[in-house]
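Peer 1: The following block contains the structure, expressed as structure tokens.
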Amino acid sequence: MRRNQGCNPLEHEMARRRFLTSTVAGAAGIGLVDTHAQADQLKHQQKRILQVFLQGGVSQLESWDPKPGTVHGGPFQAIPTSVPGIHISELLPNIAQRMHLLSIVRSINIKINDHEQGRQFMEKGRRVGQFPYVGAVASKYLATPNSNLPGYVHVSSRGLSDVAGGAAFLGAKHGQLKLEGIKPPGNLSAPAGIDAVADASRDKLRLQFNQRFADRRSKAMTEAYDASYDQAAGLMERRAMFEGTASKKDLERYGTHDFGRYCLLARTLLENGAACVKVTHHGYDSHAENFNFHLEQLGEFDRPFCMLLDDLETRGMLESTLVVIYSEFGRTPKVNVRYGRDHWGTAWSIALGGCGIQPGAVIGSTNETGTEVADREVDASHLFHTYLQAVGLDSTAEHDLPGRSIPIGDPATESIQELLV
Amino acid sequence: MLISLTMIACSAASSVADTPLHKWVDMAVGMGSVGFENVAADDAGDAAFARRLYLDLTGMIPSAEQARRFLADRSTDKRARLIDQLLTSPQYARRMQYEFDTMLMERRPDKHIKSDEWRNYLRQSFAQNKPWDQLVSEMLTADGTDEKTRPAARFLLDREMKTDTMTRDLGRIFLGRDLQCAQCHDHPNIEGYLQRHYHGLAAFLNRSYLFTDPKSKQTSIGEKAEGAVKFTSVFTSESDETAPRLLDLPPIEDPPAAEEPYTVKPDKKVRSVPVYSRRLQLAAAMTDPANVAFRRNIANRLWALMMGRGIVEPLDMWHAENPPLRPALLDLLADTLADHDYDIRYLLRELALTKTYQQSSQYNGDAEDSDAAHFAVSMLKPLSPEQLAWSMMQATSLTETTLKDLKAKHLAAGTEDAEKQIDDPLWQEETLHNALKAHVDTFAGLFGVVGIQTSRFDASADQALFVRNGAALQSWIASGSGQLTSRLNMLQPPDLIDEFYFSVFSRPPAIGEIHFVTQFLEQQPDDRESAIRKLVWAALSSAEFRFNH
């Protein structure tokens, strides 16, 4: 039944939704209530997610699943870590010292070798159809009430197109706010001559107009429109957060390059109540010169990420923050003629830790040469369930959407139980 | 209901009845049946109708003066006359240019054809009311070598002649079917999206390629004389091959191979031209009456343009599991459009004349949201980025003041015929467009979506920040000479409020609204001008302004 369809569009969802409404409708009411109560409880506990996306597809052989000395192993060595028995690539020396905070899943097979489709699957936990991203789900169910920040913030140096910010049917409010690096969003300051009082009074007037218009009219679109103004207001109130310059000490630790600064901003955003912060580190699509690229890229990634991990831990936030390091896929074991590795969804790894995750574990394995999953095969739908259950959300429940019956995670799969605390 | 549908079927086939299309449409939607009338909304009223129509047919709200003039008109046929007037205005061609550019190119960046040339080609086509089948034929036939027809080649050339991209978009945009999944296998969930449909379409194009002239660097479409399309299902491993074919229509077999298959032989330096071109069979096959999907697709898209939702929705997702809400209605529209030689203006006119189009967006009683899907209540349509930009400039009188300046400049330049020219609607539209185009581009960049377009509405914080704090809007709201704020500042309530409502909302204020705005102005501690600025800003950022309702 689960075949590689290599497809993404809507019609699957539509066919599927029809199926679901006929079979799950009876359970919908109960599911909704449960989810709702769950959301309130979670908001109280303030759990959150940090996603570090290594865009382009990091090589599992140069990171979490090294195979030195084998036919496809490449030139880099495996080094021991703070967890006896776990070895990772020598390109990640700082992470190796903190392996006891993280775990690895080495047996991912998503059967997709396309950037966009792989990325969508990893974010949505569904191969096809318009479903919300992990971050949008976090925004809906984990965001603290009265948080002034959009729930889902993405820090990236360049744009990747995310339809509706990944919110799908959860609505624009839960779509990602995309920040171009550490640049504050544009138009963050009220125009000259409009102070806070004047701004509030004109905004009140806007709402009065809206209230009149809402009379006996469809609410779906007007509510989404209103929500965008609430988020804008929240961002304006937090302007200082974007304008605050990093301390010298922080910059020494994190580094002054872009990714270091993104990690610092991520720390600030998480501390200020964002439900999901995604930081994208671009440039892992190493079709040529794979080894030089990874040496450089992972060299830039390893230290700032570890500083962020340390800060989350020392500030007592790690136990309530799920940390995930992922890509859209891995890279081919076979090295091509340009010393590159190509797209590879068949047998690759991610790392995760923090909230709800058993630390120091390795889930699954690949065969000796890394060409196939040998044990405990999982795909992005299993990971999606696992992320959400790690932050205490029942991913098998239905979304909190009146009149609709949509399971949060793919009902055909389940979480990686042994990875959860 | 059954009787009326049978009648519709007859009329579509033979066009016997003298009954105009818009009456048949209302019947096919359900008007006259008790169940429908119980939930159907009231008539929208003249003001709401005029705003809606100006937005749909000219791409911006009416000026306060236009709105007032329409309301004051006492004649009974004024709606029909307004429809005719707007359909022949230069603004109509511009509006269609925007809509069809977005539909056909989905806000892709320029690659090989300058988008200005392409847009001009579209606008000229709609100004001439070029039939849709002719427009499509031109786009699928032009190869980019003739300067005259080169802009039409953008649909193919700017998709880089990539067979998969072209095939998928031909299916989506001209046939209403997203066949992407059928590339690798018959669709697993959708009966009727078959691998041979995808590859039949691909076979028209897979011999064609992007040719770059080594000297001029100009790109055009070259084609080889050989290259078969074979495909294998990734599920069943069954293989097949196909000649070009449209969905389930018979394949178009190649003629017997000529002794010399090329007019221009393939060579790195020249664009190869085969004696028999598969690509050149596409336009005729696409627009052939036997290809029902072609007329249904455009009828559905034009319906969605006016009504806010397709009869099949999403527009590119026609299949057995997602049938039209009103199959007879869609066939009626499609067949009548084809009978009228794909006259887009005719169909839009008939749609605008329907009661369905002219009903209110407010429910009666406790009707549910879902009824809008069945066309009993008018849907809210989010303004496109272009509509939003132009409407904001119209509401704040930027259009009027800019045009006034441009006219004065043109006269001052002393060109021959300048006096006559400045009264020419086409000169006015083009001059004003060129002057304000940069603003429209800003809105398109911020509010537009690159890639597959959907009817869904979405709003983001950065858009709201732009409206709240962006410099453009602030300068439009400022009290420059002739602009809305300064005009209002010279008036007193209730005239001030009347002028404000007509300028921004294209309607007179209700009594309660006069009261509420007067109260607001009285309560403002600071000077009156800044109070008026707040009023204008709040109205421009309101939902009533953001949607076509």
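Peer 1: Are there any residues in the range B:533-547 with a reduction of at least 10 Å² in accessible surface when going from the isolated chain to the assembly of protein chains? Probe 1.4 Å, please list them by number.
Peer 2: B:534, B:535, B:537, B:538, B:541, B:542, B:543, B:544, B:546, B:547
Peer 1: Ok, one more. For each pair in B:114/B:409; B:111/B:381; B:437/B:534; B:111/B:162; B:114/B:215, compute the distance between the two Cα atoms and list the pairs where it is over 21 Å.
Peer 2: Long pairs (Cα-Cα over 21 Å): B:114/B:409; B:111/B:381; B:437/B:534.
Peer 1: How far is helix B:292-307 tilted off the main Cα axis of chain B, in degrees rounded to 10, range 0 to 90?
Peer 2: Helix B:292-307 and the main axis of chain B meet at about 10 degrees.
Peer 1: From the square roots a ≥ b ≥ c of the eigenvalues of the alpha-carbon gyration tensor of the range B:161-287, which class results: rounded (a/c under 1.5), prolate (a/b over b/c), or oblate?
Peer 2: prolate
Peer 1: With every protein chain in place, what's the accessible area of residue B:223 (1.4 Å probe, Å², nearest 10)?
Peer 2: 10
Peer 1: Ranked from the most accessible area to the least, with a 1.4 Å probe and all protein chains present, what is the order of A:267, A:253?
Peer 2: Sorted by accessible area, descending: A:253, A:267.
Peer 1: When all alpha-carbon pairs of the protein assembly as shown are counted, what percent fall beyond 40 Å?
Peer 2: In whole percent, the share of Cα-Cα pairs in the protein assembly as shown beyond 40 Å is 48.
Peer 1: If you count, for every residue in A:191-199, the Cβ atoms of partner chains within 10 Å of its Cβ, what is the mean?
Peer 2: If you average over the peptide's residues, the count of other-chain Cβ atoms is 4.
Peer 1: Just flag the GluC sites (Glu not before Pro) in the range B:394-468 sitting in loop per DSSP whose Cβ has no more than 12 other Cβ atoms within 10 Å. Could you put the intermediate results ahead of the total?
Peer 2: Details: sites: B:400, B:416, B:419, B:429, B:430; in loops: B:416.
Those satisfying the criteria are B:416.
Peer 1: Order B:309, B:279, A:158, B:119, most accessible first, counting only protein heavy atoms with a 1.4 angstrom probe.
Peer 2: Working: B:309 50, B:279 10, A:158 135, B:119 70 Å².
In descending accessible area the options line up as A:158, B:119, B:309, B:279.
Peer 1: Express in Å², to the nearest 10, the accessible area of residue B:135 obtained by rolling a 1.4 Å probe over the protein heavy atoms while all chains stay in place.
Peer 2: Probe radius 1.4 Å; accessible area of residue B:135 about 0 Å².
Peer 1: Also: What ³J(HN,Hα) values, in whole Hz, does the Karplus curve 6.51 cos²θ - 1.76 cosθ + 1.60 give for the range A:59-64 when θ = phi - 60°, with x put for Gly and Pro?
Peer 2: Karplus-based 3J(HN,Hα) across the range A:59-64 equals 6, 5, 6, 9, 9, 8 Hz.
Peer 1: Roughly how many Å² is the accessible area per residue of the protein assembly as shown, as a whole number, for a 1.4 Å probe?
Peer 2: With the other protein chains kept in place, the protein assembly as shown gives 40 Å² per residue.
Peer 1: Here's something else I'd like to know. Please report the accessible area of residue A:268 (heavy atoms, 1.4 Å probe, ligands and nucleic acids excluded) in Å², nearest 10.
Peer 2: Its heavy atoms expose roughly 40 Å² to the probe.
Peer 1: Quick query: amide H of residue A:178 versus all other amide H atoms, modeled in the peptide plane; which residues come in under 5 Å with a sequence gap of 5 or more or a different chain?
Peer 2: Correct list: A:154.
Peer 1: To continue, here is another question. For the range B:385-548, restrict the atom set to alpha-carbon positions and state the Rg and Dmax in Å.
Peer 2: Spelled out, the Cα radius of gyration and Dmax of the range B:385-548 are 17.8, 54 Å.
Peer 1: Under the rule of -39500 (n - 2.57) per DSSP H run of 4 or more residues, summed and divided by the residues of chain B, what mean residue ellipticity at 222 nm is obtained, to the nearest 500 deg cm²/dmol?
Peer 2: Details: 28 runs with 286 residues, N = 549.
For chain B, the value works out to -15500 deg cm²/dmol.
Peer 1: With N denoting the number of residues in chain A, provide Rg(C-alpha) divided by 2.2 N^0.38 Å, to two decimal places.
Peer 2: The reported ratio for this selection is 1.00.
Peer 1: Please give the average number of partner chain Cβ atoms lying within 10 Å of the Cβ of each residue in A:177-187, rounded to a whole number. All intermediate terms of the calculation are to be shown ahead of the outcome.
Peer 2: Numbers: counts 3, 3, 1, 0, 0, 0, 0, 0, 4, 6, 13.
Whole-number average of other-chain Cβ neighbours for A:177-187 is 3.
Peer 1: Here's something else I'd like to know. For chain A, what is the calculated [θ] at 222 nm in deg cm²/dmol (nearest 500), taking -39500 (n - 2.57) for each run of four or more DSSP H residues and dividing by its residue count?
Peer 2: So the calculated ellipticity at 222 nm is -12500 deg cm²/dmol.
Peer 1: Here's a follow-up. How big is the gap, in Å, between the Cα center of the range A:293-345 and the Cα center of the range A:244-258?
Peer 2: Centre-to-centre (Cα) distance: 20 Å.
Peer 1: Ignoring ligands, DNA and RNA, what percent of the 1.4 Å accessible area of the protein assembly as shown is carbon and sulfur?
Peer 2: Summing carbon and sulfur atoms, their accessible area is 52 percent of the total for the protein assembly as shown.
Peer 1: Within a 10 angstrom radius of each residue's Cβ in B:468-480, how many Cβ atoms of other chains show up on average? Whole number is fine.
Peer 2: Averaged over the peptide's residues, the number is 3.
Peer 1: Calculate, for residue B:33 and residue B:511, the FRET efficiency according to 1/(1 + (r/R0)^6) with r their C-beta to C-beta distance and R0 45 Å; round to the nearest 0.05.
Peer 2: 0.80
Peer 1: Indicate, rounded to the nearest 5 percent, the antiparallel portion of the DSSP beta bridges found entirely in the protein assembly as shown.
Peer 2: 60
Peer 1: Could you work out which residue, out of A:367, A:272, A:210, moves most in a Gaussian network model of chain A, that is, has the largest mean-square fluctuation with Cα springs under 10 Å?
Peer 2: It is A:210.
Peer 1: Computed on protein heavy atoms with a 1.4 Å probe, what is the summed buried accessible area for the chain pair B and A, in Å² to the nearest 100?
Peer 2: 5000
Peer 1: In terms of modelled amide H atoms, which long-range or inter-chain residues lie less than 5 Å from the amide H of residue B:242?
Peer 2: Under 5 Å from the amide H of residue B:242: B:229.
Peer 1: For chain A, modelled as a GNM with alpha-carbon contacts under 10 angstrom, which of A:283, A:181, A:392 fluctuates the most?
Peer 2: It is A:283.
Peer 1: Still on this structure, I have one more. With all protein chains present and a 1.4 Å probe, how do A:206, A:315 order by accessible area, largest first? Before the final figure, lay out each step's value.
Peer 2: Numbers: A:206 0, A:315 110 Å².
Final ranking, largest accessible area leading: A:315, A:206.
Peer 1: If one takes the longest principal axis of the Cα atoms in chain A, at what angle in degrees, from 0 to 90 and to the nearest 10, does the Cα axis of helix A:115-124 lie?
Peer 2: 60
The values are calculated or read from the model by the stated rules, or taken from the named source; none is laboratory data. Predicted model, so just to flag it, every value in this text is computed and none were measured. Here the Cβ is made from the backbone with ideal geometry for all residues, glycine too, and neighbour counts use every protein chain on show. For the accessible areas, the whole protein counts, side chains as well, though only heavy atoms, and no ligand, DNA or RNA atoms are used. Shrake-Rupley method; radii C 1.70, N 1.55, O 1.52, S 1.80 Å.
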